[in-house]
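Read through the structure below, which is laid out as C-alpha cells, and then see the notes.
The values are calculated or read from the model by the stated rules, or taken from the named source; none is laboratory data. Please read all numbers here as calculations on a predicted model, not as lab measurements. Positions of Cβ are backbone-derived with ideal geometry, glycine not excepted, and every protein chain shown enters the neighbour counts. For the accessible areas, the whole protein counts, side chains as well, though only heavy atoms, and no ligand, DNA or RNA atoms are used. Shrake-Rupley method; radii C 1.70, N 1.55, O 1.52, S 1.80 Å.
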Amino acid sequence: MGFSMQPYGIQSMLKEGHKHLSGLDEAVLKNIDACKQLSTITRTSLGPNGMNKMVINHLDKLFVTNDAATIVNELEVQHPAAKILVLAGKAQQEEIGDGANLTISFAGEILQNADELIRMGLHPSEIISGYNKSIDKAIEILGELVEPGSENMDVRNKEQVIFRMKAAVASKQFGQEDVLCNLISEACIQVCPKNPANFNVDNVRVAKLVGGGLNNSSTVRGMVLKGDTVGTLKRVEKAKVAVFVGGVDTSATETKGTVLIHSAELLENYAKTEEAKVEELIKAVANSGAKVIVSGAAVGEMALHFCERYKLMVLKISSKFELRRFCRTTGAVAIVRSLLLLKLSPPSLDDLGYVDSISVEEIGGTRVTVVRNEEGGNSVCTVVLRGSTDSILDDLERAVDDGVNTYKAMCRDSRIVPGGAATEIELAKRLKEFSFKETGLDQYAIAKFAESFEMIPKTLAENAGLNAMEIISSLYADHASGNIKVGIDLEEGVCKDVSTLKIWDLYVTKFFALKYAADAACTVLRVDQIIMAKPAGGPRRDAAPGGMDED
C-alpha cells in the first residue's frame, strides 16, 4: 500500500496543478523583476536617438520600430505584473498618442528603486504612500513649469502647431521631423472642425506607397484608394457620386421560380427583358445626374457594360470602413439596397455626394485612385507617404499617427513644458528638496522617486553615446543656479537652454505619463500573493493541429 501525502493548507483548497506564490521574495520581488525586464527593453528606444527593435510576432510579421507602444503590443507579454505596465503604456497611447515609452520606462525605474527600498527593510505600503505623495507633488511642480502664455494657441496656425508637434515626431523619426511635421500639420489643419475639441483622428488618413523618398510625400485633400477603377473611365471632374453598399449586380431572387420556354423567340425575349431591366436602372442613375457609381461589393458584367455605355465611372471599395470614409469625404449617403434587385428606385438627389475630381494616377508603379474634394467640407485628408521599404513606411506611419494624436491633444490643452529632460531634472531637484521636509519613512520613498527622474536624462545621454554622469551633474548644477529651462542638446552633446532650441513637450503628455506610471507601479507593489489556477485543457495554440499535411 502506497503512502499518499494528504495535501494541507492552501493546497487542499485549490485544484491540483495550480501555482501559488506569496511573500516578499516570491511575489513582490519577482513582479518587480519582470517589470524591470520589460522597461529595459523599451528604455533603449527612448528619445530621438533611441535604437530600433526588431520584433517578429506570432504571425511572423516583422516590425522594425522604436515606438514603445508597438513593441509591447507585439511582444505578447505573459507575466501578469509586466502586463500591468503594458496596459499603462496602451492607456497613454490611446489618451495622448505619445509618451508610451516614458510611461513604461519610468514605471520600471520607480519599481527598481522600490526593490532597493524593500531590501533595505521598508514595507511596500510605506513605499506606496511615499510614491502617492510624490506623484501629487510632482504634478503640482509640473504645473509651475508650464511656459507662460502657451495656454492660448491658434490651432490653425501652422507654425504654432509645428512648434508643439516637433518633439513628438522627432522622437520617432529623428532628422526628418521638419518634413513630416509640415505634412502632418497641413493635413490636421485642413480637417480641423470649427470647434477644435471635436477633432477626429480618423480624418487624417495615411497612404503608404513604396518607392521615392520622404521628400516625395505630399498631402491630398480627400482620399487615396489603392487600386484601379473597374471600367475604362479613368478621370472625372466635378461629378456627383452615388454610393451603393450592396454591389451593382443582378442577383438571384429569394424564391425559386421555374420558367417554361416553348420556342426560341421566348428564350431571346427572356434574355432581352433582363438586359432591358438592367439598362433601365443604370439609365435612372445616369439621369439623376451622377457620373460616378461606387460599389461596396462586386460589379456585374452586364451592369458594367451599361455603365460604360452611359459614361459612368465605376469604383469598387470593398472595405466598409473605407466606404464610410468615402461617404464622409463626398457627403454621399450610402444606399443599402442592392442596385439591381428589381425593386430598386433610382437614388434621390439628396443621397448623391459630390467630388471635385476622381482620377487614377500611377505613383511609383502602384495604381491609385485619388478622390479630391478641395472646395467642399474638408472632412478627410490623406498623407501620401513614400519610402524605400515597407518597414520604413510602417515606421513613418507611426510617426504620423503620433503627430496627429499630439495635434488632438494640443486642441484640448496647448500648454507646454521644456523638453530635452529639463522638466525631469527640475522635478527631481524639487522632489528631493520636498523629501527632506517630510518626516517618517515616506521620505526615503520620495527621495527614490525623485532619483527615478534621473533615468530620463541618463537614458537620453546614453542613447546618444554621451557621458551620462557628466551630463546629469552639469544639469543639476545649472538648475541649482535657477536656469530651469536647461536640458540636453543631443546634437552637440552639451547642456543648453532648450527654449532657444525650440524643444518643447506637451504638458498633457508628461502629466498622463507620470500619472499612469505611478499608478501602474503602485498596483504592482500592492500585490503580495499570486495564485494561478491550472490552465484550461484543450489543444495548445502554438501546436500544429494533428493529422494535417505539410502543405
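In 10 Å bins starting at zero, report the fraction of Cα pairs in segment 359-464 per bin as a rounded %.
P(r) over segment 359-464, rounded to whole percents: 11, 21, 26, 17, 14, 8, 4, 0.
Given H placed on each backbone N at 1.01 Å, which residues far from G222 in sequence or on other chains put an amide H within less than 5 Å of it?
Distant-sequence amide H within range of G222: N373, V380, C381, T382.
Of the peptides 362-371, 383-392, how do they stack up when ordered by the mean number of other Cβ atoms within 10 Å, highest first?
383-392, 362-371
For the chain, what is the accessible area per residue in Å², given a 1.4 Å probe and the full set of protein chains?
50
Can you pull the one-decimal nm distance between simple spin-label points at S125 and Q78, each 7 Å off the Cα toward Cβ?
If labels sit at S125 and Q78, their model points lie 3.4 nm apart.
Return the tail of the calculated pair distribution for the chain, meaning the percent of Cα-Cα pairs more than 31 Å apart.
60
Counting only protein heavy atoms and a 1.4 Å probe, tell me what percentage of segment 362-515's accessible area is made up of carbon and sulfur.
Answer for segment 362-515: carbon and sulfur cover 48 percent of the accessible area.
Among rounded, prolate and oblate, which fits segment 63-178 when a ≥ b ≥ c are the square roots of the eigenvalues of its C-alpha gyration tensor, a/c under 1.5 means rounded, and a/b larger than b/c means prolate?
In terms of gyration-tensor shape, oblate.
I'd like to compare 149-156, 326-333, 200-207: which one has the highest average count of other Cβ atoms within 10 Å, and what's the full order after that?
Highest mean packing first, the order is 326-333, 200-207, 149-156.
Past 25 Å, Cα to Cα: identify those pairs from K194/K316; K19/K83; K90/K316; K158/K502; K158/K234; K437/K515, in the order given. Can you show the working numbers first?
Values: K194/K316 32 Å; K19/K83 18 Å; K90/K316 35 Å; K158/K502 15 Å; K158/K234 35 Å; K437/K515 23 Å.
Check vs 25 Å cut-off fails for K194/K316; K90/K316; K158/K234.
Once segment 44-96 is represented by equal point scatterers at the alpha-carbon sites, with solvent omitted, what log10 I(q)/I(0) does the Debye formula produce at q = 0.14 Å⁻¹?
Here the Debye-derived log intensity ratios amount to -0.38.
Starting from the 7 Å offset along Cα-to-Cβ, what nm value, one decimal, do you get for the label separation of E397 and V201?
Output for this residue pair reads 1.5 nm.
Would you kindly state how much longer the chain becomes between K158 and L14 on full extension, computed as 0.36 nm times their sequence separation minus their alpha carbon distance, in nm to one decimal?
So the extension gain works out to 45.6 nm.
Any idea how far apart D178 and E116 come out in nm if each label point goes 7 Å out from Cα toward Cβ?
That separation, rounded to one decimal, is 4.2 nm.
As a test of the formula, what do you get for the chain when each DSSP H run with n ≥ 4 contributes -39,500 (n - 2.57) and the sum is divided by the residue count, at 222 nm and rounded to the nearest 500 deg cm²/dmol?
-14500 deg cm²/dmol
Round to a whole angstrom and tell me the spacing of the C-alpha centers of segment 99-121 and segment 402-446.
If you average the Cα positions of each part, the centres end up 16 Å apart.
Using a Förster radius of 45 Å, what is the FRET efficiency between E26 and S348 based on their Cβ-Cβ separation? Nearest 0.05, please. Could the numbers behind the result be given before it?
Numbers: r = 70 Å, r/R0 = 1.55.
Between E26 and S348 the formula returns 0.05.
Fully extended, how many nm does the chain gain between T500 and D528 (0.36 nm per residue separation, minus their Cα-Cα distance)? Mind showing how you got there, number by number?
Numbers: separation 28, 0.36 × 28 = 10.08 nm, distance 4.84 nm.
Contour length minus the Cα-Cα distance gives 5.2 nm.
Based on the mean of other Cβ atoms within 10 Å per residue, sort peptides 474-487, 410-423, 234-247 so the most packed one is first.
Order by mean packing, descending: 410-423, 234-247, 474-487.
Of the DSSP beta bridges with both residues in the chain, give the percent that are antiparallel, rounding to the nearest 5.
Around 70 percent antiparallel, to the nearest 5.
Just to check I understand the Karplus step: with θ = phi - 60° and J = 6.51 cos²θ - 1.76 cosθ + 1.60, what whole-Hz values come out for segment 61-75, glycine and proline as x?
Taking θ as phi minus 60°, the curve returns 8, 9, 10, 10, 7, 10, 8, 4, 4, 5, 4, 6, 5, 8, 7 Hz for segment 61-75.
Taking R0 as 60 Å, what FRET efficiency do you get between S481 and H58 from their Cβ-Cβ distance, rounded to the nearest 0.05?
Efficiency computed from Cβ-Cβ geometry: 0.70.
For segment 62-126, give the percent of accessible area contributed by carbon and sulfur heavy atoms, probe 1.4 Å, rounded to a whole number.
Values: 1190 of 2350 Å².
Exposed carbon and sulfur together represent 51 percent of the surface.
Which three extents, in whole angstrom, do the alpha-carbon atoms of segment 105-232 cover along their principal axes, largest first?
That gives 78, 36, 28 Å along the principal axes, largest extent first.
Work out how much length E237 to L266 would gain on full extension: take 0.36 nm times their residue separation and subtract the Cα-Cα distance, in nm to one decimal.
6.1 nm
What does the charge add up to near A298, with Lys and Arg as +1, Asp and Glu as -1, over the other residues with Cβ less than 11 Å from its Cβ?
Here the charged neighbours net out to -1.
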